[in-house]
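The values are calculated or read from the model by the stated rules, or taken from the named source; none is laboratory data. Since we're looking at a predicted model, the values are computed, not measured. Backbone-built Cβ (ideal geometry, glycine too); neighbour counts: all protein chains shown.
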Amino acid sequence: MIPFLFSALFLAGVQTQAATLEDGLRETVHTLSVQIQDGRVTGSAGHARAQKWITEKMQSLGLEVQVQPVPEWHGMGAPLGFNILGFYHRELTAKGCILLGAHYDGLMAPAADDNASGIAVLLELARKVVSLQRVKKCVIFAAWDLEEGTLKNKGCILLGAHYDGLMAPAA
């Protein structure tokens, strides 16, 4: 996963210090896979703690955060899960957006590879984009839910299905 991150940062024209990068990756993976116990199965206490932690982390980076309920199929019934969307330069959505994402639910503890490591990469990319302030385009950092189990990718599909609704800034 770390070689992918270095490639992504290189392609984006971002220079970073390896020690800071590694610390950020380790912190996120440790928090999601060790400190948040019980795993991250959708609907579990661990899942709720992970959702809260990711939301607060995105907000601390300066992103505008929207927690998007993932309803039952065709919008019927209570939400099954929640996508967490962090917007950078949301006001520039008319020019299009770059969408980066990883899922945060996991089947079993500790779920470090599936997918705390993906969320770690996502949050480090967000941190660098925000801190350097060189990207002059809307970027959506999406932490998707419901990738695991029988509902595989429903959260990801919902994000695509409601893309137009995401573009308008929240009232």
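Only one of (1) of a type in the set (A, V, I, L, M, F, W, C); (2) in a helix (DSSP H, G or I); (3) modelled with pLDDT of 80 or more fails for PHE6. Which number is that?
Tallying (1) of a type in the set (A, V, I, L, M, F, W, C); (2) in a helix (DSSP H, G or I); (3) modelled with pLDDT of 80 or more, PHE6 fails exactly one: (3).
Pick from LEU107, LEU99: which is surrounded by fewer than 17 Cβ atoms within 10 Å (Cβ to Cβ) and part of a strand (DSSP E or B)?
Just a single option satisfies the conditions, and that option is LEU99.
Of all residues in the range 117-139, how many are in contact with a strand residue (DSSP E or B) (Cβ under 9 Å, 6 or more places away or on another chain) and surrounded by 15 or more Cβ atoms within 10 Å (Cβ to Cβ)?
Result for the range 117-139: 14.
Of everything in the range 34-57 that's modelled with pLDDT of 80 or more and touching a helix residue (DSSP H, G or I) at 6+ places or on another chain (Cβ under 8 Å), which residue is farthest from TYR88 (Cα to Cα)?
Across the range 34-57, the extreme among qualifying residues is ALA50.
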